[in-house]
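The values are calculated or read from the model by the stated rules, or taken from the named source; none is laboratory data. If you're wondering where the values come from, they're calculated on a predicted model, not measured in any experiment. No Cβ is skipped: glycine too gets one built from the backbone with ideal geometry, and neighbour counts run over all protein chains shown. These area figures cover heavy atoms from the full protein model, side chains too; ligands, DNA and RNA do not enter into them. Shrake-Rupley method; radii C 1.70, N 1.55, O 1.52, S 1.80 Å.
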Amino acid sequence: RRQRVLLWGVLLAAWEAAWGQLRYSVPEEMPKGSFVGDLTKDLGLQLLELQDSGVRVVSVGRTQYFSLYGKSGYLVTAERIDREQLCESMEQCVLRCELIVEGEMKVYEIEVEITDINDNTPSFKEIELEERMSETTVPGSRFPLAEAHDPDLGRNSLQSYELSGDEHFSLAVQTGPGGDQRPELVLVKALDREEVAFHELVLRASDGGDPARTGTARIRVTVLDANDNAPMFSQAEYTVRVPEDVPVGSVLITVTATDADEGLNGYVEYSLKKITEKASKILQLDPETGAITLMQSLDYEEGDTYELEVQARDGGELFDTVRVTIAVTDINDNAPEIFVRSALSEISEDVPSGTVVALLHVHDPDAGTNGKVRCSLDGVVPFRLENSQGSYYRVVTARELDREQQSEYNVTVRAVDGGRPALQSSTVLALRVLDVNDNAPVFEQERYSARLSENNAAGALNLPAGSLVLQVRATDADAGSNGRVSYSFGDVPDSVSALFSVDSESGEIRTASSLDFEEKNKYSFGLQASDGGGLTDNCEVQIDVTDENDNAPEI
C-alpha cells in the first residue's frame with residue numbers, strides 16, 4: 001500500500017524559479033529515504049556542479065526532516081514524518097528547508113507540504129462510558145455523549161456515529177457551531193429498573209477513509225430506582241400447624257415479602273398489624289427477617305388457633321398485608337381426670353343388684369383419640385360401671401352383697417385415654433357394707449354332756465353348789481346387736497331350773513343346789529341361743545349324776 005502511495009502520492013508542485021523557491025507535496029508516514037523531488041532537474045543545476053560544489057540541505061528548526069540522496073541530487077526524507085504530530089490542528093502542514101550550494105554561494109528555499117493519509121482511527125477518550133438515568137425518566141429525554149476524536153483531515157476524519165444494543169435508546173447527532181458532530185443518547189422507551197437494571201450499548205465512530213476506520217465505546221446505562229413497587233408477600237395467606245409441645249424459642253413460620261425496588265425503596269420491614277393480646281404474649285415477630293418465634297409454651301387446651309396480620313413496609317411507605325394462621329395440634333399431654341360427683345360411703349348388704357353406689361364424671365382435655373376415655377374397675381368386685389350420659393358413669397352393684405364375706409370395699413375406678421402412649425388416672429371409692437340380721441346363732445355342738453357326783457361332794461368333778469358344770473357356745477355371723485348372742489333355758493320343768501342356772505351372756509351352766517343321785521341320776525334339757533334380731537338356735541344338754549356312798553344301811 002505504501003509503495004502505491006509512494007508512486008502515486010508523490011506530487012511535484014510547481015516551482016518558482018524566479019525566487020529560487022521550490023514546493024513539493026509528499027504523503028505522511030513515508031519511510032526514511034523516500035523520494036521527495038529531483039533538485040537538479042527542478043533547479044536547472046547540472047549534476048556535475050552539484051558533485052563539485054559543496055551542497056547540503058538544512059531544515060528550519062532542530063529536526064532534520066530531509067536530506068540529499070548521495071550526489072544524485074534527489075531530495076529524500078530523513079525520517080518518517082507524522083503530519084498529526086507536526087501540525088495537529090492545522091489544515092495545511094508545510095515543512096521548510098534550504099538547499100545551500102556553497103560553491104556558488106546560493107540558497108534555495110524548499111517547502112514540502114505533508115499531505116494526510118487515513119492512518120488514524122476515530123477514538124474516544126474513554127472506551128467505557130457510563131450513564132445514570134432514573135426509571136421515571138420521560139421518553140424523549142436526551143443525554144450528551146462523549147465525542148470521538150480523529151486527527152486526520154477531510155474525509156479521513158470523523159464522519160459519522162452509530163448506536164447499537166437496545167431498543168430503549170436511539171442516537172441523535174447534532175452539528176456544533178464549528179461543524180463538529182455531537183452525539184446524543186435519546187430515550188425512546190420507558191425504563192423499568194425491576195425489569196432491566198442495566199442497558200449495554202455500543203457507540204461506533206467512523207471516518208471517511210477507504211477503507212473506513214471505526215472506533216467504539218461501550219455505554220453502560222444504569223437505571224436508578226424509583227419507589228414504584230410495593231412489597232409483595234410470597235403467599236396470599238400463611239398457615240402452619242405446630243404441635244403444642246414445640247420448644248420455646250422455635251421459629252414457627254417465616255413470612256417473606258420482596259420489593260423489586262432497590263436500596264431504601266426495596267428494604268422491607270415487618271410489623272404486626274393485628275394480633276390478640278393473648279397471642280402477643282406468646283408470639284414474637286422479627287422485623288427484619290419476618291420470622292415468628294414462640295416466646296411461651298403452647299397449650300392446645302388453652303388455645304388451638306392464633307390468627308394475626310403481618311404488614312411488610314418498604315422505605316418509601318408502600319406496604320402489603322398478609323394473614324397468618326398458626327394452628328396448634330394436640331398431643332397426649334393430659335391424663336384423664338375422674339371427678340366424683342356423688343358417692344355412698346355405706347351400703348346395706350341386702351340392697352338389690354343395680355343399686356347406684358357412685359356417680360362419676362370423666363374428662364380429658366385432649367382432642368381426638370387423645371381425649372377418648374375408657375373406664376374400668378380394677379379387680380373382681382361385685383360392682384360394675386354403666387355409662388350414664390356423655391362422660392358420666394355410674395358405679396352400681398352387680399350382685400347381692402354379703403357383709404359376712406366382705407364388709408369393706410376399696411373400689412378402684414381407672415380411666416385410660418386413647419393416646420400413644422396412653423395416659424391414665426384412677427380414684428378409689430371406699431365403701432362399707434352395713435349388716436342386716438340374715439344369720440341366726442349357731443351352737444358349736446348340737447348336744448352337750450357332763451358328769452358330776454351327787455351331793456356335790458368330792459368326786460370326779462368335785463363341784464360345789466354354784467360351780468360350773470359346762471359352757472355352751474353359739475356364734476352369729478352378723479354384726480352388732482344382730483350378732484350378739486344371749487343364752488336361756490328352753491321349755492324345761494321347774495325341777496331343772498331349780499337345780500341349774502345358765503349365764504345369758506357367757507353360756508355357762510352352773511349348779512343351783514345339791515344333787516341327789518337317789519332322787520334322780522340324769523337330767524336332759526334344752527338351751528336356746530337368741531341374737532338381737534330375734535333369730536334363735538337350740539341345743540340339748542345332758543347331765544349324768546353319779547352315786548356317792550351317802551346312805552347307811554337300814555334294818
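Quick one: how many residues across the range 257-267 are assigned to a loop (DSSP other than H, G, I, E, B) and open to solvent by 60 Å² or more (accessible area, probe 1.4 Å)?
2
Is it the case that some residue within the range 50-58 is of a type in the set (A, V, I, L, M, F, W, C), farther than 19 Å from E111 by Cβ, part of a helix (DSSP H, G or I) and at pLDDT below 65?
Yes, because at least one residue in the range 50-58 is of a type in the set (A, V, I, L, M, F, W, C), farther than 19 Å from E111 by Cβ, part of a helix (DSSP H, G or I) and at pLDDT below 65.
Give V362, V357, V328, V373 a once-over and let me know the one that is at pLDDT 90 or above, farther than 30 Å from R420 by Cβ and buried (at least 17 other Cβ atoms within 10 Å of the Cβ).
V357
With the requirement that a residue be crowded, with 18+ Cβ neighbours inside 10 Å, out of contact with any Leu (no Cβ under 6 Å at 6 or more places or on another chain) and at pLDDT 90 or above, what does the range 217-228 give you?
Listed by number, the list holds a single entry, V221.
Test S164 against the stated conditions and say whether it is assigned by the TED database to the domain that holds H199 and either open to solvent by less than 50 Å² (accessible area, probe 1.4 Å) or more than 14 Å from A217 (Cα to Cα) (or both).
Yes, satisfied.
What are the residue pairs meeting all of these: first residue in the range 189-215, first residue over 10 Å from E135 (Cβ atoms), second residue assigned to a loop (DSSP other than H, G, I, E, B) and β-branched (V, I, T), Cβ atoms under 8 Å, and 6 or more apart or on different chains?
Listed pairs, sorted by first residue: D207/T121; R213/T121; T214/T121; G215/T121.
Just name the residue that is surrounded by the fewest Cβ atoms within 10 Å (Cβ to Cβ) out of those in the range 185-203 that are in a loop (DSSP other than H, G, I, E, B) and charged (D, E, K, R).
E195
Residue under question is E126, and the condition is that it be out of contact with any Cys (no Cβ under 8 Å at 6 or more places or on another chain) and in contact (Cβ under 8 Å) with a residue 40 or more places away in the chain; does it hold?
Judged against the criteria, E126 is a match.
Can you tell me which residue within the range 504-522, out of those that are in a strand (DSSP E or B) and of a type outside the set (K, R), is nearest to Q471 (Cα to Cα)?
Ranking the candidates gives E508 first.
Report, by residue number, each residue of the range 376-402 that is in a loop (DSSP other than H, G, I, E, B) and over 16 Å from I338 (Cβ atoms).
Hits for the range 376-402 are G379, V380, V381, P382, A398, R399, E400, L401, D402.
A quick yes/no check of all residues on (1) part of a strand (DSSP E or B); (2) open to solvent by less than 60 Å² (accessible area, probe 1.4 Å):
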site	(1), (2)
A230	no, yes
D245	no, no
A279	no, yes
V310	yes, yes
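Which ones in the range 429-440 are surrounded by fewer than 16 Cβ atoms within 10 Å (Cβ to Cβ) and either within 19 Å of Y392 (Cβ to Cβ) or not hydrophobic (A, V, I, L, M, F, W, C) (or both)?
Within the range 429-440, R432, D438 qualify.
Out of the residues in the range 92-129 that are farther than 23 Å from G61 by Cβ and out of contact with any strand residue (DSSP E or B) (no Cβ under 6 Å at 6 or more places or on another chain), state the one that is most open to solvent (accessible area, probe 1.4 Å).
K125
Which is among the aromatic types (F, W, Y), outside any strand (DSSP E or B) and surrounded by 18 or more Cβ atoms within 10 Å (Cβ to Cβ), of Y270, Y300?
Just one listed residue meets the conditions, Y300.
For R384, which of the numbered conditions (1) over 44 Å from the mean Cα position of the chain (by Cα); (2) modelled with pLDDT of 90 or more; (3) open to solvent by less than 70 Å² (accessible area, probe 1.4 Å) fails to hold?
Tallying (1) over 44 Å from the mean Cα position of the chain (by Cα); (2) modelled with pLDDT of 90 or more; (3) open to solvent by less than 70 Å² (accessible area, probe 1.4 Å), R384 fails exactly one: (3).
It is to be established whether one or more residues within the range 530-547 are surrounded by fewer than 18 Cβ atoms within 10 Å (Cβ to Cβ) and without any contact (Cβ under 8 Å) to a residue 12 or more places away in the chain.
No.
I need the full set of residues from the range 399-442 which are aliphatic (A, V, I, L, M) and more than 30 Å from N370 (Cα to Cα), in order please.
Of everything in the range 399-442, those that are aliphatic (A, V, I, L, M) and more than 30 Å from N370 (Cα to Cα) turn out to be L401, L431, V433, L434, V436, A440, V442.
So, in the range 130-145, how many residues would count as being surrounded by 15 or more Cβ atoms within 10 Å (Cβ to Cβ) and closer than 14 Å to Q174 by Cβ?
Final tally of qualifying residues: 2.
Name, by its number, the condition in (1) free of Cβ contacts under 8 Å to residues at least 40 places away in the same chain; (2) among the small types (G, A, S); (3) surrounded by 14 or more Cβ atoms within 10 Å (Cβ to Cβ); (4) farther than 30 Å from P247 by Cβ that does not hold for G379.
Of the numbered conditions (1) free of Cβ contacts under 8 Å to residues at least 40 places away in the same chain; (2) among the small types (G, A, S); (3) surrounded by 14 or more Cβ atoms within 10 Å (Cβ to Cβ); (4) farther than 30 Å from P247 by Cβ, the odd one out for G379 is (3).
Between D207, D245, D259, D228, which is more than 30 Å from Y161 (Cβ to Cβ) and touching a helix residue (DSSP H, G or I) at 6+ places or on another chain (Cβ under 8 Å)?
Only one candidate qualifies: D259.
Has the range 198-211 got any residue that is of a type in the set (F, W, Y) and either assigned by the TED database to the domain that holds R313 or within 19 Å of A312 (Cα to Cα) (or both)?
no
When G507 is evaluated against the numbered criteria (1) among the small types (G, A, S); (2) modelled with pLDDT of 85 or more; (3) closer than 30 Å to E349 by Cβ; (4) touching an Asp or Glu at 6+ places or on another chain (Cβ under 8 Å), which criterion, by number, is the only one it fails?
Unmet for G507, out of (1) among the small types (G, A, S); (2) modelled with pLDDT of 85 or more; (3) closer than 30 Å to E349 by Cβ; (4) touching an Asp or Glu at 6+ places or on another chain (Cβ under 8 Å): (4).
Exactly one of (1) assigned to a strand (DSSP E or B); (2) open to solvent by 20 Å² or more (accessible area, probe 1.4 Å); (3) under 30 Å from L308 (Cβ atoms) is unmet by Y238. Its number?
(2)
In this structure, does I292 turn out to be in contact with a Phe, Trp or Tyr (Cβ under 6 Å, 6 or more places away or on another chain), surrounded by 19 or more Cβ atoms within 10 Å (Cβ to Cβ) and not in a loop (DSSP other than H, G, I, E, B)?
No: the conditions fail for I292.
Does the range 340-353 contain at least one residue that is assigned to a strand (DSSP E or B), closer than 23 Å to D304 by Cα and in contact with a Ser or Thr (Cβ under 8 Å, 6 or more places away or on another chain)?
No, there is no match, as no residue in the range 340-353 is assigned to a strand (DSSP E or B), closer than 23 Å to D304 by Cα and in contact with a Ser or Thr (Cβ under 8 Å, 6 or more places away or on another chain).
Tell me which of these S497 doesn't satisfy, since it passes every other one: (1) open to solvent by 30 Å² or more (accessible area, probe 1.4 Å); (2) outside any helix (DSSP H, G or I).
(2)
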